[in-house]
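Accompanying notes for the structure given below.
Read-outs throughout are calculated quantities, based only on the coordinates presented, and are distinct from any laboratory measurement. All of these numbers come straight from a predicted model, not from anything done at the bench. Methodologically, a virtual Cβ is constructed for each residue, glycine included, from the backbone with ideal geometry; neighbour enumeration extends over all protein chains shown.
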Amino acid sequence: MIRRHSTLRTLRLIALSLVAVAACASAARAQDFVVPPQPAPPPMRYVPEQLRAQLGALPKPKDRLRLSLELMEQHLARVEQHTAAQRFDPAASDLGVYLALLDDALVALRSVGRSREGKVDGGTRDLYKRLELTLNKHTARIESVRRATPELYARNVLEAFRHARARRTEALDSFFVDTVVRPPNDSPATDQTKRP
């Protein structure tokens, strides 16, 4: 009986050790599986409450745009600093705030100084021009940040570049209305077609 009991105990120990070896082997196999690196999530676009309060306190569009451009400049400079220090998550966070400030500035300008035809007045045109010139400089800086950013984050910086470039185009488009100007009947093109 004692022999039988010790044999059962030995079999149980052997079975338990086999289970432990199998568990270790599967854990080792799981460690060999390498998950490919995933791209970083897009930066969250938001204007912090403190900045939103500062912008809301300015009633004049010129003052609001000036402050928006200053804040955008500060956040883009921080993006450049974080990228140079290889801190890409804080850089993405500041890039999201930059893009939100840009969108906020355009939304604020859309409702200012337009005629019934949709054409902007002279003062509003100057504000759009200031925004367009600033975005011209900023898109070049965003592109230089993209070149220094690793592949996992570069897609988000490229999307930010495209977004800023599209908003620059939107600022330029505000100079024009959606009407088409047709050439008069006595245009040179018509005169050439009448010649034999």
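Per-structure values
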read-out	value
Amide H contacts of F175 (H built 1.01 Å from N, under 5 Å, at least 5 apart or other chain)	none
³J(HN,Hα), Karplus 6.51/-1.76/1.60, whole Hz, each residue of segment 167-174, x for Gly, Pro	5, 5, 5, 4, 5, 5, 5, 5
Karplus-derived HN-Hα couplings along segment 50-66 (A = 6.51, B = -1.76, C = 1.60, θ = phi - 60°), whole Hz, x at Gly and Pro	4, 5, 4, 5, 4, 5, x, 6, 9, x, 7, x, 5, 5, 5, 5, 4
Hz values of 3J(HN,Hα) by residue in segment 95-103 - Karplus curve (6.51, -1.76, 1.60), Gly and Pro given as x	5, x, 5, 4, 5, 5, 5, 4, 5
Sequence-distant residues sharing a close amide H with Y46 (under 5 Å, placed H)	V97, A100
Charge context of E132, other residues only, Cβ under 12 angstrom, K/R +1, D/E -1	+4
Net length gained if the chain between Q50 and T7 were fully extended (0.36 nm per residue, minus Cα distance)	8.0 nm
